[in-house]
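Nothing in this text is a laboratory measurement; each read-out follows from the coordinates by a stated rule. It should be emphasised that the depicted structure is a prediction, and the values quoted were computed from it without experimental measurement. Cβ: placed from backbone, ideal geometry, glycine included. Neighbour counts: every protein chain shown.
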Number of protein chains: 2
Amino acid sequence: MTEPDAVPDLPWTVAAFAARTGVPATTLRYWDDEGLLPAHRLDNGHRRYGPDDLPRLEMVRMCQGLGCTMDEVRLVLDAPDPAARARFAAEKLPEVLGRIELLRVAADVLRHVAVCEHTDAASCGAWMRSVLEPPGEGPGLRAG
Amino acid sequence: MTEPDAVPDLPWTVAAFAARTGVPATTLRYWDDEGLLPAHRLDNGHRRYGPDDLPRLEMVRMCQGLGCTMDEVRLVLDAPDPAARARFAAEKLPEVLGRIELLRVAADVLRHVAVCEHTDAASCGAWMRSVLEPPGEGPGLRAG
DNA sequence: GCACACCTTCGAGTTGACTCGAAGTCAAGC
DNA sequence: GCTTGACTTCGAGTCAACTCGAAGGTGTGC
């Protein structure tokens, strides 16, 4: 591919950008349609991407990693007023910190499961305990 | 609700268990059908749950929090041979540790976004940098 | 000037995880 | 015996986020 019709700051077609980023071209088109990662357009309507689009793509990926919906990603990246975005971020932060805590418990469980000899999970007190009573918190279950 | 027809170790109907755990009754039925959280059955076919089902439910929730598919949850909880489960856990662990790292970066970004005055994300170097170059790792983007 | 690769849009299909509705069963209370 | 309400199954519907296919436009090489 000789990158036909190269525009100075927009060197990549959708296929080239897909190859470069690992995001399928179909998905890039979808993200463009949904406003998640708007493409630049040539006169003929073809999409073009440039280096400036890379950080935004990485932000989209990160937000998805946070479990954000596409609406939330748009809110973070394009909130018309910064206050709304800041509010969203402030609300999301404790959730993310909670997720980190959950993942730490999960990592402990996985470390044990990787060496556990029990045939069924329920019979192994070691990993049940870590699930039910994460350190530094109350019991994992709402008591009835 | 007087918990009709109470069985010694299986005090809860699907509705009672739903109320107790916060998982909708429809979802409990679905999890039963899919083998994620098998219910005990009375002679009349009605589902019943007991205290022993709580840890497993909590495990299911945790696995879902890890982003596991239902197949993976089943694998963790019911792998016929412990070796397969241990292998899965060993493979999953680095992924979970990576997710923790990602979330830590995300938390930093959120902390900044919560106080950032920039109208659009791309113009704010502070949070772009943290996304693109998480500390202690290479650049967030695959270089072309 | 035509093949061919790549692009476009649009609508429909897929996947995973639910969620709902209909039709029927079961048991307690009057 | 009949109502009432909670239960059953089964099939279909929903939702987000893609993913695919068809029909047609564009542009470069021979």
More than 26 Å apart: what percent of Cα pairs in the range B:1-120 qualify?
-> 42
What is the distance, in nm, between label points placed 7 Å from the Cα along the Cα-to-Cβ direction at A:VAL115 and at A:LEU42?
-> 5.9
Starting from the Cα-Cα distance between A:GLU34 and A:ASP71, subtract it from 0.36 nm times their residue separation and give me the gain in nm to one decimal.
-> 12.4 nm
Shortest first and in nm with one decimal, please list how far the A:GLY45 label point sits from its counterparts in the other copies (point 7 Å along Cα→Cβ).
-> 5.6
Which distances, in nm and shortest first, link the B:ASP78 label point to the same label point in every other copy, taking 7 Å along Cα→Cβ?
-> 4.4
at A:ALA19 the sorted inter-copy label distances (label 7 Å from Cα on Cβ side), in nanometres, are 6.3
Taking the axis that carries chain A onto chain B, what is the nearest Cβ in chain A, and at how many Å, to the whole number?
-> A:ILE100, 3
Cleavage-rule hits, GluC sites (Glu not before Pro), the range A:1-100, DSSP coil, Cβ neighbours within 10 Å at most 16 | A:GLU34
